[in-house]
Amino acid sequence: MTNKNYTSRPEDRFTFGLWTIGNRGRDPFGAEVREKLTPVQIVEILAEVGAYGVNFHDNDLVPIDATTSERDKIVSEFRAALEAHNVRVPMATVSLFSDPVFRDGAFTANDPAVRAYALQKTCAAMDLGKEFDAEMFVLWGGREGTETDACRNPADAVKRFRDALNYLVEYSISQKYDYKFALEAKPNEPRGDIYFPTTGSYLALIETLDHKELVGVNPEVAHETMAGLNFTHAVAQAWEAGKLFHIDLNDQMPGRYDQDFRFGSANPKQAFFLVKFLEDVGYAGMRHFDAHAYRTSDYEDVKDFARGCMRTYLILKEKAQRWNADKEIQGIIREIHEAGDGVPQVAKFSKHHKAQLDAYEFNRHELAQKSLPYERLDQLTMDILFGVR
Ligand code: GCO
Ligand code: MN
Ligand code: MN
C-alpha cells in the first residue's frame, strides 16, 4: 500500500478541537510546556495536516472576560482564516468546567444562580457556534458530579440536568438554529464521580426529554475505557438507537488517569473493531479526534500527532475492507451463523409461530458440539492487523 491511501480527504470528515491541537501540556503536576497558539494558528495547522474541520468551546475562541470589541475582532479573524483555508466548524460546545464559578457543577450546581448562569453561558455559546454554521452542539458535563454525595440528592441532579437540556433545546428551536445536541458521558475526572457516567446512562435520559429526536450522544473512546467497558459496544447501542450523533476518538489504557492518547495508539485491536463498525454501518457523522499530543512534543510533533490520528483511522479502514473481503474469514462468518435444516424462524410472537416452535425437536447435544472456530477467526484478524495477511 502506498502512503497516499492513508492521506485524509474532506469526505473522511476528520475534525479536531481548538483545545486538542492547542493543548499546551499542562497536567496536575506541571505547568504548560508549549507556547500558546492563537485560533488562527491552529486553523493553519489543521489545514496543513489535512483536517476537514475544527470545533471549539466558547472560551477556546473568545476568552471568558473578552470585551465586545475584542470578541468581534477574534471572530472576524477566525472567520477569515477558516475561509482562507477551507476549514469548517461542524460542532460547537461550551466550557462549563474551567471557570471557578462551576466548581460545584453547572446545570446541577446547588446554587440556582450558578445554574441560571450556566444556561445563559450555554445559550451564548450556541449563538457563537451558529455564527460559524455549526450543526452539532456537544455537552460534556465535566463538573456535574461529586466528591461527596452529602452535597445533593443525585436524583435532583438528574432532574436539574433534564430541565436544563429541555431549556436549551427549546432555545435552539425558538432561534431556528436547527442544532442537534450530543451528550458526552465520562465516569470521573475532573470530579470524583460524574453524573451520567456512561453512554448508556445518557441514552436512557434522552428518552425522557421533551424533544428527544434532537438529542443524541457523543461517546468517547477514553471515557468508556476508563470505566472498563467495551467502547464499540456502547457505540453500537447508540447507533442502533439512532443516537450516534458525534464521536470522540482518542485512546486510553484502562485503569489510568484520562490520557487522551493519539487514536489507536494504546489498543489498536479495539480501534480496529471500532473503525470496522463505523465503516460497516456507514456512519456519516464527524470523526472528531478529542486527543492531545504527549507533553514531550513540540508543535512539529503535534502535527505528527494529528496526522497520526487520521492515518491510523485510514489504515484501520483499509484493514476492515481487507477483513470483509477475506474469503476464509467470510467463510467462517457464514458457518457460525448458519442454522440446520428446518429450524423454526424465531419471528414475532404469534400463536402459529409458537406452535411451530413447540413442534420442533432440538438436539441440544448436537448444538453444543457445533464448531465455533473463534481462535482461528481472531488470529486471522491479528494476521491482518500485523500486516502478514
Ligand atoms: C474531556 C472531554 C472534553 C470534551 C469537550 C467537548 O475529557 O476533557 O472529553 O474534551 O469532549 O469538552 O465538550
Ligand atoms: Mn475526554
Ligand atoms: Mn471528549
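The values are calculated or read from the model by the stated rules, or taken from the named source; none is laboratory data. Quick caveat, the model's predicted, so the values are computed rather than measured. Because the Cβ atoms are built from the backbone with ideal geometry, glycine has one as well, and the counts that use them run over all protein chains shown. Each accessible area value is taken on the protein alone, full model and side chains, heavy atoms only, with ligands, DNA and RNA left out. Shrake-Rupley method; radii C 1.70, N 1.55, O 1.52, S 1.80 Å.
So, restricting to helices (runs of 4 or more DSSP H) that lie completely within the range 1-100, which ones have at least 3 residues that are in contact with an Asp or Glu (Cβ under 8 Å, 6 or more places away or on another chain)? Working first, answer last.
On the way: elements: 18-21, 39-49, 58-61, 68-85.
In the range 1-100, the matching helices (runs of 4 or more DSSP H) lie at 18-21, 68-85.
I'd like the full set of residues that are part of a helix (DSSP H, G or I) and either without any contact (Cβ under 8 Å) to a residue 40 or more places away in the chain or within 16 Å of ligand 2 (Cβ to nearest atom) (or both), limited to the range 101-113. Show your work before the answer.
Keep residues of the range 101-113 that are part of a helix (DSSP H, G or I), which gives 101-102, 112-113.
Hits for the range 101-113 are VAL101, PRO112, ALA113.
Of all residues in the range 118-137, count the ones that are open to solvent by 10 Å² or more (accessible area, probe 1.4 Å), of a type in the set (A, V, I, L, M) and outside any helix (DSSP H, G or I).
The number of residues fulfilling the criteria is 1.
Is it the case that MET126 is more than 16 Å from ligand 3 (Cβ to nearest atom), within 22 Å of the chain's Cα centre (by Cα), modelled with pLDDT of 95 or more and within 22 Å of VAL89 (Cβ to Cβ)? Walk me through it before giving the result.
Details: more than 16 Å from ligand 3 (Cβ to nearest atom): yes; within 22 Å of the chain's Cα centre (by Cα): yes; modelled with pLDDT of 95 or more: yes; within 22 Å of VAL89 (Cβ to Cβ): yes.
So MET126 passes the test.
Might you let me know whether the range 165-183 holds any residue that is within 13 Å of ligand 2 (Cβ to nearest atom) and under 20 Å from THR93 (Cα atoms)?
First pass over the range 165-183, keeping only residues within 13 Å of ligand 2 (Cβ to nearest atom): none.
Scanning the range 165-183, I find no residue that is within 13 Å of ligand 2 (Cβ to nearest atom) and under 20 Å from THR93 (Cα atoms), so the answer is no.
Tell me the residue from ARG295, ARG262 that is within 16 Å of ligand 3 (Cβ to nearest atom), modelled with pLDDT of 95 or more and of a type in the set (Lys, Arg), please. Please lay out each step first, then the result.
Working: ARG295 fails: within 16 Å of ligand 3 (Cβ to nearest atom).
On inspection, the qualifying residue turns out to be ARG262.
So how many residues does the range 211-234 have that are within 11 Å of ligand 3 (Cβ to nearest atom) and out of contact with any helix residue (DSSP H, G or I) (no Cβ under 6 Å at 6 or more places or on another chain)?
Residues flagged as within 11 Å of ligand 3 (Cβ to nearest atom) and out of contact with any helix residue (DSSP H, G or I) (no Cβ under 6 Å at 6 or more places or on another chain) within the range 211-234 amount to 4.
Residues checked against (1) open to solvent by 10 Å² or more (accessible area, probe 1.4 Å); (2) of a type in the set (D, E, K, R); (3) in contact with a His (Cβ under 9 Å, 6 or more places away or on another chain):
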site: THR198; (1), (2), (3): yes, no, yes
site: HIS211; (1), (2), (3): yes, no, no
site: HIS223; (1), (2), (3): no, no, no
site: GLN237; (1), (2), (3): yes, no, no
site: LEU244; (1), (2), (3): yes, no, no
site: ASP258; (1), (2), (3): yes, yes, yes
site: GLN270; (1), (2), (3): yes, no, no
site: MET286; (1), (2), (3): yes, no, yes
site: ALA293; (1), (2), (3): no, no, no
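Which members of the range 116-174 meet the condition of being hydroxyl-bearing (Ser, Thr, Tyr) and away from ligand 1 (no atom under 13 Å from the Cβ)? It would help to see each step written out before you state the result.
Kept after step one, since they are hydroxyl-bearing (Ser, Thr, Tyr), are these residues of the range 116-174: 117, 122, 146, 148, 167, 171-172, 174.
Correct list: TYR117, THR146, THR148, TYR167, TYR171, SER172, SER174.
Scanning the range 40-58 for residues that are surrounded by fewer than 19 Cβ atoms within 10 Å (Cβ to Cβ) and touching a residue at least 12 places away in the same chain (Cβ under 8 Å), which turns out nearest to the chain's Cα centre (by Cα)?
Step one: filter the range 40-58 for residues surrounded by fewer than 19 Cβ atoms within 10 Å (Cβ to Cβ), giving 40-41, 44, 47-48, 50.
Next, only the ones that are touching a residue at least 12 places away in the same chain (Cβ under 8 Å) stay: 40, 44, 47-48, 50.
On the way: VAL40: 25, GLU44: 24, ALA47: 22, GLU48: 24, GLY50: 20 Å.
Here the answer is GLY50.
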